[in-house]
1. What helices (runs of 4 or more DSSP H) lie completely within segment 81-195 and have 1 or more residues being among the β-branched types (Val, Ile, Thr)?
2. Counting only residues that are acidic (Asp, Glu) and open to solvent by 40 Å² or more (accessible area, probe 1.4 Å), how many does segment 93-103 have?
3. What is the one condition in (1) open to solvent by 60 Å² or more (accessible area, probe 1.4 Å); (2) more than 16 Å from the chain's Cα centre (by Cα); (3) modelled with pLDDT of 95 or more; (4) not polar (S, T, N, Q) that Val124 does not satisfy?
4. Do you know which residues across segment 74-92 are within 15 Å of the chain's Cα centre (by Cα) and open to solvent by 10 Å² or more (accessible area, probe 1.4 Å)?
5. Under 7 Å between Cβ atoms, at least 6 apart or on separate chains: pull out the pairs that start in segment 19-32 with a residue that is among the basic types (Lys, Arg) and end on any residue that is surrounded by 14 or more Cβ atoms within 10 Å (Cβ to Cβ).
6. Run down Leu92, Leu60, Leu36, Leu109 and say which single residue is over 20 Å from Leu150 (Cβ atoms) and aliphatic (A, V, I, L, M).
7. Please specify each residue of segment 30-60 satisfying the condition of being farther than 23 Å from Phe154 by Cα, in contact with a helix residue (DSSP H, G or I) (Cβ under 8 Å, 6 or more places away or on another chain) and open to solvent by less than 30 Å² (accessible area, probe 1.4 Å).
Amino acid sequence: LDKLKDTYDEVAGIDDIVGISIGTRPDTVDREKLKLIASYKDRYEVWLEYGLQSIHDKTLKLINRGHSFDDFLKAVELTKEFDIPVCVHVILGLPGETKEDMMETARSLKALKIDGIKIHLLHVLKGSKLEELYREGKVKLLEQNEYVELVSEFLSNLSPDIIVQRLTGQGSRDDHVAPLWALGKAETIGKIGTAVHFF
């Protein structure tokens, strides 16, 4: 707790900082940590970002997340007690997940009344276990048009009150293995915007 406070105080001490957004796992928070984080709300815009990826425990186990959906639900409930906005990270195209699995994740997040979302594309980075599986042909990645359609439908299953903070993502060019189209982030975002009439 003291180390976290030192870290947050260091960031808060920088001129022009207007907000603090803390990304963490849902199984790492507790009441004392949230009390500390909430103490910055009178001076800054404060958000908590939880890496969920999927609501399905079978998927979380497969990708070795080390936490369950229940851990996430408990974290969100506890965070709401401190009136801290919650942003959730999800990945579309995870191994073994169907389109309906992904839409179920969206509908569950809508029901939880989360505040923000960051949507990621499953992509392969050098040196990862996923790279090994990909090269062995054991993991199928989404094509760009498939991803655009999934994101569009995913968004339609969310509440319009949820702030969309990210529509896709990729690693650095040096570490990125596949899919290659993911490196054209602007093009993908443009296609999503056209599909859902954002822009």
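1. Output list reads 99-112, 144-156.
2. So the answer is 1.
3. (1)
4. Pro85, His89, Ile91
5. Matching pairs, first to second residue: Arg25/Gly51; Arg25/His67; Arg31/Leu78.
6. It is Leu36.
7. The answer is Leu34, Leu36, Ile37, Tyr40, Val46.
The values are calculated or read from the model by the stated rules, or taken from the named source; none is laboratory data. A quick note: this is a predicted structure, and the numbers were derived from the prediction, not measured. Every residue, glycine among them, receives a Cβ derived from its backbone with ideal geometry; neighbour counts consider all protein chains shown. These area figures cover heavy atoms from the full protein model, side chains too; ligands, DNA and RNA do not enter into them. Shrake-Rupley method; radii C 1.70, N 1.55, O 1.52, S 1.80 Å.
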